[in-house]
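S.K.: Got a structure for you, questions after.
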């Protein structure tokens, strides 16, 4: 994951490529929509008339406990959180992000992962969903805004770990549940964090935490200055992502990151 979010140097650097050589996407026109990725374990392509033989069987999906539609509020909340996690990871990654239209308001194809022949409501975008799922749409808008105010997320050169001129800070510093102790040799690790130095003089540094474990984790904050909470997918909307001008510095040295959540802090001294 660390290699992917930093631009896939293993695929591009050896042949002179750049981080922007990488087109990053989680969903596209083939396969599940993003909401279906967290709503179905299996494809449901009967409507295509091919007896379920078409479409990929290896979907890497998770239905969160129920296959398809449900009234279970807990499962619905988990699906929304996982959609936000996916958007956060995608838009924090070096490279060029590609988004599937309709994912930003939870378009579903009811588990059909090969809707090539469905010229009907299964594949049409229902714009009423934009109002119904306005919290997800807002999250995506503001996540794009966060990305655009950080040149460090849109680098033209691969990260090296070397000091950024004028900042006395490496371009990236990796962490685990403890600062500067990334879990590279732990096959069971489900927590990864990093500090990303701003490239421009007035650009805020970032501290990013991915907690994909099944428990809340108290994460220490890097010691240099004060940090402002920018997003926390474990919080309900609109607290899940905070406009830059509404952020306030935290006064403690640690932050409780909820299970299955992505958290981002922006440095308060560079504003």
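The values are calculated or read from the model by the stated rules, or taken from the named source; none is laboratory data. The structure displayed is predicted, hence computed values, not measured ones. All Cβ positions, even for glycine, are placed from backbone atoms using ideal geometry, and neighbour counts span all protein chains on display.
S.K.: Any residue in region 123-143 that is touching a helix residue (DSSP H, G or I) at 6+ places or on another chain (Cβ under 8 Å), part of a loop (DSSP other than H, G, I, E, B) and touching a residue at least 60 places away in the same chain (Cβ under 8 Å)?
M.R.: Within region 123-143, not a single residue is touching a helix residue (DSSP H, G or I) at 6+ places or on another chain (Cβ under 8 Å), part of a loop (DSSP other than H, G, I, E, B) and touching a residue at least 60 places away in the same chain (Cβ under 8 Å).
S.K.: What's the number of the only condition in (1) assigned to a helix (DSSP H, G or I); (2) more than 24 Å from residue 193 (Cβ to Cβ) that residue 4 fails to meet?
M.R.: The failed condition is (2).
S.K.: Right, something else. Examine region 174-184 for a residue that is in a strand (DSSP E or B), in the same structural domain as residue 233 (by TED's automatic domain parsing) and under 18 Å from residue 264 (Cβ atoms), and state whether such a residue exists. Before the answer, list the steps.
M.R.: First, pick out the residues of region 174-184 that are in a strand (DSSP E or B): 174-175.
Of the ones still in play, those that are also in the same structural domain as residue 233 (by TED's automatic domain parsing) are 174-175.
Checking which are under 18 Å from residue 264 (Cβ atoms) leaves us with 174-175.
The answer is yes; a qualifying residue exists.
S.K.: Quick test of your reading of the structure: residue 47 fulfils all but one of (1) assigned to a loop (DSSP other than H, G, I, E, B); (2) over 19 Å from the mean Cα position of the chain (by Cα); (3) within 27 Å of residue 119 (Cα to Cα). Name the failing condition by number.
M.R.: (1)
S.K.: Answer yes or no: is there a residue in region 105-119 that is within 14 Å of the chain's Cα centre (by Cα), crowded, with 18+ Cβ neighbours inside 10 Å, at pLDDT 95 or above and not in a loop (DSSP other than H, G, I, E, B).
M.R.: Step one: list which residues in region 105-119 are within 14 Å of the chain's Cα centre (by Cα), which gives none.
Within region 105-119 (the criterion being within 14 Å of the chain's Cα centre (by Cα), crowded, with 18+ Cβ neighbours inside 10 Å, at pLDDT 95 or above and not in a loop (DSSP other than H, G, I, E, B)), the answer is no, since none of the residues qualifies.
S.K.: Restricting the first residue to region 1-18 and requiring it to be touching a residue at least 12 places away in the same chain (Cβ under 8 Å), which pairs with a second residue that is exposed (fewer than 13 other Cβ atoms within 10 Å of the Cβ) meet a Cβ separation below 9 Å and a spacing of at least six or different chains?
M.R.: From region 1-18, the pairs are 2/184; 9/3; 18/156.
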